[in-house]
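Quick notes on the structure that follows.
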Amino acid sequence: MKTTKSLFTILLIVAGFTSKSALSQKYIDTQGAIVFEASEELFEPVKATNKTVSMVADMSKNEIAALALMKGFRFKNSLMEEHFNENYVESETYPKAIFKGKLKDFNFSQWQESSAMVLVEGTLKLHGEEKAIETPVTLTRDGDTIRLQGSFSVTPADFAIEIPKIVRNKIAKEIKVLLDFNLTKK
Amino acid sequence: MTKMELQNTTTEDVKMKKKTKVLIFISLAAVITAFAVYQYTFNSSHRDIASEAAFTSITAQSMHQEFSSDEASASQNYLDQVIAITGVVSEKTKESLTLDNLVYVVMSQPLPKEIEVGTEWSIKGRCIGYDGLLEMVKIDQATTITKTD
């Protein structure tokens, strides 16, 4: 009886340790940056930055998730910001953009180098529409932080966003999205 | 030229000059108004959250409670509004802080040194929504108002 009890205790301790180490593979950024650029030459730049994007990366499962609040996108031109929120992404109805994805063929526990190119596959949901995204990102390690950088392109049509004819030639067909996250171990 | 004629031409000249002056003045006014309207519609400055009065005052707990129980209606109430929020600082970085681990606040300026973890503060900022990943309400362009404990 005593032995089973002590065995049980040992098991519990082991289980506690493993769950703890699995937890420590979690990396979080609460203030990541997304820049999107849809500028056409000769016209006023159509560019916005969101510096309040959050990301959670579970390195033991190769899962990443990111969330951007649409109201957090800041434009240089206040009228453009207003149009973005009210007419294009309709941020009152669809307040956030969510990405959920996986790091492909990446083994974090065996990662030795200071930086790595990793393919990310996932789905971006915004304005009530979903779009599959596949893009390489660069991971750079610095102590307990991992920097994730990359970019991909989308179109307004991917998310059922209609651009009025009058401004159609002032907004690029392909919108470039730049990512920059500093993930810290949690 | 008689004395009479001379007088006539001068009054005529004066009249003409007056007309041109009025014309110049009107066109100038038109140009200025057009420019002002253009500036106002296309280049108006951003909202100055710091100088706006808070729409309401609330604790971090009740704000989070409202968002986590009914996000849609809370969004309708608070999204893009300037709100004063009170709570205990649970974490801080150079320019952000969390209140009671429930509200994430990004300041418009680097965080003042007096703000320490464990002390209660009231901040004012713009609500940009509920972050389901962090399970926190997010505030940006915040300025501190007062220490409340």
Length-normalised contact order of chain A in % [C-alpha pairs under 8 Å, at least 6 apart]: 23 percent
Can you give the FRET efficiency for residue A:115 and residue B:35, using 1/(1 + (r/R0)^6), R0 = 41 Å, r = Cβ-Cβ distance, to the nearest 0.05? 0.20
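Counting only other chains, what is the mean number of Cβ atoms within 10 angstrom of the Cβ of each residue in peptide B:128-140? Mind dumping the intermediate values first?
Numbers: counts 11, 10, 4, 9, 5, 13, 6, 0, 2, 0, 8, 1, 7.
So the per-residue partner count for this stretch is 6.
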Can you count the Lys pairs in chain B with C-alpha separation below 13 Å, eight or more apart or on different chains? 5
Largest first, please: the extent of the C-alpha atoms of the protein assembly as shown along each principal axis, to the nearest Å. 139, 50, 37
Quick one: 3J(HN,Hα) in Hz for segment B:46-63, Karplus 6.51/-1.76/1.60 with θ = phi - 60°, rounded, Gly and Pro as x. 5, 4, 9, 4, 4, 8, 6, 7, 5, 6, 7, 10, 8, 8, 4, 4, 6, 5
Sort A:183, B:133, B:28 so that the residue with the fewest other Cβ atoms within 10 Å of its own Cβ comes first and the one with the most comes last. B:28, B:133, A:183
By what distance, in whole Å, do the Cα atoms of segment B:49-147 stretch along each of the three principal axes, largest value first? 36, 27, 18
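For segment A:103-155, state the average projected area of the convex hull of the C-alpha atoms over all orientations, rounded to one decimal in nm². The partial results should precede the final answer.
On the way: hull surface 17.6 nm².
About 4.4 nm², averaged over all directions.
Please state the equivalent ellipsoid semi-axes for segment A:26-185: what are the square roots of 5 times the Cα gyration tensor eigenvalues, largest first, in whole Å? Working shown, then result.
Values: eigenvalues 182, 43, 42 Å².
Value: 30, 15, 15 Å, ordered largest first.
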For n ≥ 4 DSSP H runs only, could you compute -39500 (n - 2.57) per run for chain A, divide by its residues and tell me the 222 nm figure to the nearest 500? -5000 deg cm²/dmol
In segment B:44-149, which GluC sites (Glu not before Pro) fall in coil by DSSP and have 14 or fewer other Cβ atoms within 10 Å? B:52, B:114, B:116, B:135
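If I take R0 = 25 Å and measure r between the Cβ atoms of residue B:109 and residue A:87 in this structure, what FRET efficiency does the formula 1/(1 + (r/R0)^6) give, to the nearest 0.05?
Details: r = 32 Å, r/R0 = 1.26.
E(calc), rounded to 0.05, equals 0.20.
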From the phi angles alone, apply the Karplus equation (6.51, -1.76, 1.60; θ = phi - 60°) to segment A:142-158 and give each ³J(HN,Hα) in whole Hz, x where the residue is Gly or Pro. 9, x, 8, 10, 10, 9, 10, 10, x, 7, 8, 10, 9, 10, x, 5, 3
Computed label-point distance, nm, for sites residue A:98 and residue A:65 using a 7 Å Cα→Cβ extension: 0.7 nm
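All of the numbers you see were taken from the coordinates with simple rules; none came from a lab. Computed from a predicted structure; not experimentally measured. All Cβ positions, even for glycine, are placed from backbone atoms using ideal geometry, and neighbour counts span all protein chains on display.
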